[in-house]
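Notes follow once the structure below has been shown.
What follows is calculated from the coordinates using simple rules that are stated; it is not laboratory data. Note that the coordinates shown come from a computational prediction; the quantities given were computed from them, not determined experimentally. Cβ coordinates were reconstructed from backbone atoms using ideal geometry, including for glycine residues, and neighbour counts include every protein chain displayed.
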Amino acid sequence: MDSTKFETFFKKVWDKSNILIDANNFNLKTLTVILFLGRHQIELGEEITFNLNQIRELLGLEDSIYSYRRIENAIFYFKINFYKCKLKNNRERIAHVIKAFEKPMNDIYFNKEWRVEIDSVLREQILQSNFHDLCTEMDK
């Protein structure tokens, strides 16, 4: 998948979603890549697995230490900071996007597997949205 297709996917996901995330653009794009890479794992209720090279390639970033550190920082951002999610009962939930993550040790080539667990309400919002249809559309 090239970065142009990902840009289209990114706009479609966040234009049609009820999820409100307070983040700058790069962090949000990184999160979207993680959700895209883990789309099948989200449906199964599992942790999302990926490596930083996959994220870098989808974002169209150069292969540099700086790129990988930016991606790591975006992941840490969503572990530390909060997002707002509209609930059906006219309430708002504030939670961490990423509840937990496992970072590989000694990953000098940035191709070892990371694992992240996303918030259960965010997972439910994703499953109720047209996120899966968009993923399937972009896979074709």
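Couple of notes before you dig in:
- Difference of contour (0.36 nm per residue) and Cα-Cα distance, Ala95 to Val121: 8.5 nm
- For region 54-117, convex hull of alpha carbons as volume per residue, Å³: 102
- Local electrostatic count, Ser67, Cβ distance below 12 Å [Lys/Arg +1, Asp/Glu -1]: -1
- Take the Cβ atoms of Leu87 and Thr49, set R0 to 25 Å, and the FRET efficiency comes out at 0.30.
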